[in-house]
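All remarks here apply to the structure that follows.
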Amino acid sequence: MRLCTYSSRGEARLGALWGEDHVVDLNRAHRAVLDACGESRAGALASVELPSDMIGFLSGGEAAMARARAAIAHVEAGSSPDPAPALDRGLLVDRRQSGFRLEAPVPRPGNVLAVGVNYKDHADEAGFELPKHPVLFAKLPTCIVGPGAAIVRPRVSELLDWEGELCFVLGKRARHVAAADALEYVAGFTIGHDVSVRDWQFHSPTMMMGKCFDTHGPLGPTLVTRDEIPDYRALDLRTLVNGEVKQHSNTRHLIFGVGEILEYVTQAFTLHPGDVVFTGTPSGIGASRRPPEFLRPGDVVRIEIEGLGALENPVVDEER
């Protein structure tokens, strides 16, 4: 499944992409399944069994995933060849309609972690030694935005840099996870952009101040469930600025994979459904180029990861 959070008419809801132009509203579709089974409390039950928000849905675990698949199948069965009845009932939403927008798959994660220096070529270009443990920092949930949302270059710096990354999203509570079992805790994968304000990044050793400005965590376009990604360590990754390729690598070059990351961090603290982990960026960042290159208003950054689609965001200046 390609899960998403979409907004239409001012309301954000949980969906799944269906074909090129439509989204299945999973909560409403599950209610339709219950109605078809004669359930008199279909509306109330659907809100509990398949909530309309991503974190609530992921908290339902495999049972909620199974209900989502059944809901999609129900809509598919009644929408071929004509989707009009499902559109009229709100089970399907047309992505081409005015006011439709894909949001970040998890609009406000409880925790957002990121791993630095996790590709050897990036360590080499930055002059860093290869780490013995994952180099972790936090990104504030308030930096998360969705596809198409503007990346704001802040008033306090012009050293705005790109970092295209593979992200994974937790599907259940994780504490003391063994590396070999780590993928069982992952709901799916998405694309992330760890936008970095380079001078602020080095105000302190934690890097956090340069990684958490508002809008500096684009995420999306969808959350692709784990079963659709046979090998997350074999995905081509590209970052383009105004159509020019700036980063091109493959996730097989990750130093620490999902297993090592989750085993390490969950020895210290608990992660929860909907938490997001950025896994690091390969070489090709702007600060390491000669001469250095940084993002400017009017630029468009596009990050493509094989099997996950593309995340595209424009750059604007902060209003003064």
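The values are calculated or read from the model by the stated rules, or taken from the named source; none is laboratory data. Nothing here was measured: the structure is a model prediction, and the numbers come from that model. Positions of Cβ are generated from backbone atoms using ideal geometry, with glycine treated the same way; all protein chains shown enter the neighbour counts.
Results, tabulated for the structure shown:
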item	result
Among the candidates Leu237, Leu262, residue that is in a helix (DSSP H, G or I) and within 19 Å of the chain's Cα centre (by Cα)	Leu262
One residue from Ala66, Ala46 being aliphatic (A, V, I, L, M) and surrounded by 17 or more Cβ atoms within 10 Å (Cβ to Cβ)	Ala46
Complete set of residues in the stretch 294-320 that are free of Cβ contacts under 8 Å to residues at least 24 places away in the same chain and among the charged types (D, E, K, R)	Glu319
Some residue of the stretch 53-62 being closer than 28 Å to Lys139 by Cα, hydroxyl-bearing (Ser, Thr, Tyr) and surrounded by 15 or more Cβ atoms within 10 Å (Cβ to Cβ)	yes
Every residue from the stretch 188-234 that is farther than 17 Å from Glu163 by Cα, part of a loop (DSSP other than H, G, I, E, B) and of a type outside the set (D, E, K, R)	His203, Ser204, Pro205, Thr206, Ile229, Pro230, Tyr232, Ala234
Qualifying residue in the stretch 176-185 (condition: over 19 Å from the mean Cα position of the chain (by Cα) and assigned to a strand (DSSP E or B))	no
Counted residues, the stretch 103-146 - those being charged (D, E, K, R), farther than 27 Å from Phe57 by Cα and in contact with a strand residue (DSSP E or B) (Cβ under 8 Å, 6 or more places away or on another chain)	1
Flag for Gly274 being at pLDDT 95 or above, within 28 Å of Trp18 (Cα to Cα) and more than 19 Å from the chain's Cα centre (by Cα)	no
Flag for Gly61 being assigned by TED's automatic domain parsing to the domain that holds Tyr6, within 24 Å of the chain's Cα centre (by Cα) and on the phi > 0 side of the Ramachandran plot	yes
Neighbours by Cβ (under 8 Å, 6+ apart or cross-chain): first from the stretch 117-134, assigned by TED's automatic domain parsing to the domain that holds Glu260 and over 22 Å from Pro292 (Cβ atoms); second modelled with pLDDT of 95 or more and assigned to a helix (DSSP H, G or I)	His133/Tyr264; Pro134/Glu260; Pro134/Ile261; Pro134/Tyr264; Pro134/Val265
Out of Ala32, Ala104, Ala86, sole residue that is among the aliphatic types (A, V, I, L, M), part of a loop (DSSP other than H, G, I, E, B) and on the phi < 0 side of the Ramachandran plot	Ala104
Of residues in the stretch 259-274 being of a type in the set (A, V, I, L, M, F, W, C) and over 13 Å from Glu165 (Cβ atoms), the one surrounded by the most Cβ atoms within 10 Å (Cβ to Cβ)	Leu262
Criterion violated by Leu130 - all others in (1) at pLDDT below 95; (2) in a strand (DSSP E or B); (3) hydrophobic (A, V, I, L, M, F, W, C) satisfied	(2)
Meets criteria (buried (at least 20 other Cβ atoms within 10 Å of the Cβ) and without any contact (Cβ under 8 Å) to a residue 40 or more places away in the chain) for Gln247	no
Any chance Leu295 is over 20 Å from Asn111 (Cβ atoms) and in the same structural domain as Leu183 (by TED's automatic domain parsing)	yes
Restricting the stretch 13-43 to residues that are under 21 Å from Asp94 (Cβ atoms) and among the β-branched types (Val, Ile, Thr), the residue that is surrounded by the most Cβ atoms within 10 Å (Cβ to Cβ)	Val24
Val265 being under 13 Å from Leu113 (Cα atoms), β-branched (Val, Ile, Thr) and touching a residue at least 12 places away in the same chain (Cβ under 8 Å)	yes
